[in-house]
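Rule-based calculations on the coordinates, nothing more; no lab input. Just so it is clear, the structure is predicted and the values come from calculations on it, not from any experiment. Here the Cβ positions follow ideal geometry from the backbone for every residue, glycine too, while neighbour counts run over all protein chains shown.
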Amino acid sequence: MVSTCLAARATPAARSFAVFSANGQVLALSHRDRSYRALLEQADALDADGQPLVIISQLLLATPLPERAATTDLFHDAARAACVHGLRFYFLGATAENIEIAVAAISRQYPALQIAGWRNGYFREADEAAICAAIVAASTDVLWVGLGVPHQEAFVVRNRERLRGVGWIKTCGGLFDYFQP
Ligand code: UDP
């Protein structure tokens, strides 16, 4: 599934396909904060990053969600598919120390993965135009945005136009903090 989805490379001027994650925290926040809900509604797809959402869907929906899609698992499926299809990943988020550790660990685990670039997640809004220009200039196919909720969704929505040409954008919370040196 991931492999099939990633096989399609974006055309240079195409709008990115943005995938956000929903979990209990996200649903609670979207319930009490309308501006956050409006950000979520800008996603092209929303995955269920937690088993509680799957259980709730089984209780409430005629067609329940088939399974959860934990970003920590999804990342590895996507990395394997990207190695096969030659797609380029860019990593944005975490502290300067942790993003370096994550990139080193990912390079070790997936030597065939093309890493378009990376940047820590601590910057001013005024820097975002330059950051997005660098991401696009690096021929990024898949951008992983790990700035935490709700900053990452706000970043993606605010910069959607600047990120034209990036195939996929996936929010990933604290993903980069999970990798070990
Ligand atoms: N982060 C960041 N920039 C910020 C604030 C947070 O890059 O301005 C990073 C932080 O270093 C951590 C991630 O965002 O790696 C948030 O992790 P958390 O597990 O809290 O994510 P969430 O639960 O919101 O998905």
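The figures follow:
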read-out	value
Dipole of region 15-176, positive end: most advanced residue of Gly165, Ile55, Asn23 [Cβ charges, Cα centre]	Gly165
Long-range amide H partners of Gly117 with built H, under 5 Å	Phe91
Relative contact order computed over the chain (Cα-Cα under 8 Å; 6+ residues apart), in percent	30
Region 141-181 residues near the modelled Ala104 label - backbone nitrogen below 15 Å, point 7 Å along Cα→Cβ	177-181
Helical contribution to [θ] at 222 nm, DSSP H n ≥ 4, -39,500 (n - 2.57), averaged over the chain, rounded to 500	-12500 deg cm²/dmol
Loop sites in region 80-181: trypsin sites (Lys or Arg not before Pro), DSSP, at most 11 other Cβ within 10 Å	Arg124
Gained length - His31 relative to Gln58, 0.36 nm times residue gap less alpha-carbon distance	7.7 nm
Total charge dipole magnitude, region 86-155, about the Cα centre, Cβ charges on Lys, Arg, Asp, Glu only, Debye to nearest 20	220
Scattering profile of the chain at q = 0.09, 0.16, 0.18 Å⁻¹ [log10 I(q)/I(0), Debye over alpha-carbon scatterers]	-0.30, -1.00, -1.26
Stretch gain in nm, segment Glu97-Ala112, where the contour uses 0.36 nm per residue and the Cα spacing is subtracted	3.1 nm
Extension gain, Gln42 back to Asp127 (0.36 nm per residue minus Cα-Cα distance, nm)	28.3 nm
For the chain, size of Cβ-based charge dipole, Lys and Arg +1, Asp and Glu -1, in debye	340
For region 96-181: relative contact order, % (alpha-carbon pairs under 8 angstrom, 6 or more apart)	40
Check: region 133-173 dipole with +1 on Lys, Arg Cβ and -1 on Asp, Glu Cβ, in debye	80
